[in-house]
């Protein structure tokens, strides 16, 4: 990316493998030290309850009464969610682009514009998976096509369990593989990458909720490369069983990197996978797989608006506007947190805005991060003047499985704040989180998990732009179950206020000064 040589896809592949290596290594370390510390889009809005506590003052002359309230911020999420599935190029995503453009103009932002982005519009239309054990009856299993995998009219083929010791056994057959989501200690990545040796002050968990807890991530050990072992072994198809997946779901929108795979594939429930494995142990099994899907080029748009400030240096505030499903958390919440920032700062006098503010919603996150890559290519010459790039993604409640049912744990998913290793910036983030009582939060180095953070704004870090990237990673992030009840309503306003504090902390700091504080 940094050289602008057009090798973006290769770079993403390297970074996914780096993430996987870091995550898997962390699993091993955690295990060794365990003794220590497209159909139903309905959804309840029964998330965390509204907060009515009075708001504390904001820094300087910033006006706390201009912060949008919880009902307003959640209302934007509800409206976005209500449009339906928001994959790149879908009608709902096109609607959101117009919605954002209209809101920016109504707020009085300047230079409001849509910047074209080429994405791949992937749409599964009909599909089925039939399984016939030797001597048994045919059974149709619930399934969901893997995004960007190949369509197939009808594939009738033997099913073989994938074995890493003998991958060639699946050649010309359907490869049956298990994928299990990673389960880590909530603070597993705090000491990763270039983090300082002392990390105690980088974890904000005064009630000790992280101790002995487990964070179920939305990826397995293969991350987005789930089909690659089967493809490399010459398989004709991929059948993926989501082992121990909370809620026993199969509606898993992974991979979303926009890379076409040469074979068809579907996800199935972990419980159906157990049944399949039993059938394979008893004798041969055949499958019939049908997938009618399309993957076509589509012109989407980054949505951009600006506000003048105390100087012409820039603070960027961004997220992405597409999602895997109707997706309240991913990223209906990010859209709304950016709108909350635009609403607040538009209400402040020009001199109270620390710098020029650029509000940006990327297109095509679910198409390989296309909007991020396009924006960097189009605006690389301007990035030297960026004091800070603040990215806001995923205000999520933690859910857990109890007696076979998914229920709210009534707390947020562990909050990750990826922050450039600039001590004054790190301290500003800690101060903001502490002031707004955002517990269950932690600071991570930008390279804590891979060469850049696993966020929609990842490659700004590679370009040398100082970053603060907020992300929560619930297990359901890429699943249809990401509905309104998953939103961490209670903390929408505190997250907004913390972001305001972080932006304000850049007052009087130039882009050059900010970069000069970067620790090697």
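Criterion first (loosely packed, with under 15 Cβ neighbours inside 10 Å and under 17 Å from residue 332 (Cβ atoms)) does residue 71 satisfy it? Before the answer, list the steps.
Details: loosely packed, with under 15 Cβ neighbours inside 10 Å: yes; under 17 Å from residue 332 (Cβ atoms): yes.
Criteria met by residue 71.
Output the residues belonging to the range 161-192 that are assigned to a loop (DSSP other than H, G, I, E, B) and buried (at least 19 other Cβ atoms within 10 Å of the Cβ).
162, 173, 185, 186, 187, 188, 189, 190
Name the residue, out of 322, 272, that is in contact with a helix residue (DSSP H, G or I) (Cβ under 9 Å, 6 or more places away or on another chain) and not assigned by TED's automatic domain parsing to the domain that holds residue 509.
272
Have a look at 340, 346 and point out the one that is buried (at least 24 other Cβ atoms within 10 Å of the Cβ) and at pLDDT 95 or above.
340
Mind listing whichever residues of the range 482-512 are touching a strand residue (DSSP E or B) at 6+ places or on another chain (Cβ under 8 Å) and either part of a helix (DSSP H, G or I) or within 17 Å of residue 410 (Cα to Cα) (or both)? Can you show your working first?
Going through the range 482-512, the residues touching a strand residue (DSSP E or B) at 6+ places or on another chain (Cβ under 8 Å) turn out to be 485-488, 491, 495, 499, 502-503, 506, 509-511.
Scanning the range 482-512 gives 485, 486, 487, 488, 491, 495, 499, 502, 503, 511.
Please go through the range 464-479 and pick out each residue that is closer than 13 Å to residue 247 by Cβ and assigned to a strand (DSSP E or B).
Passing the criteria: only 479.
The values are calculated or read from the model by the stated rules, or taken from the named source; none is laboratory data. None of these values were measured; they are calculated from a predicted model. In this analysis, Cβ positions are derived from the backbone assuming ideal geometry, glycine residues included, and neighbour counts consider all displayed protein chains.
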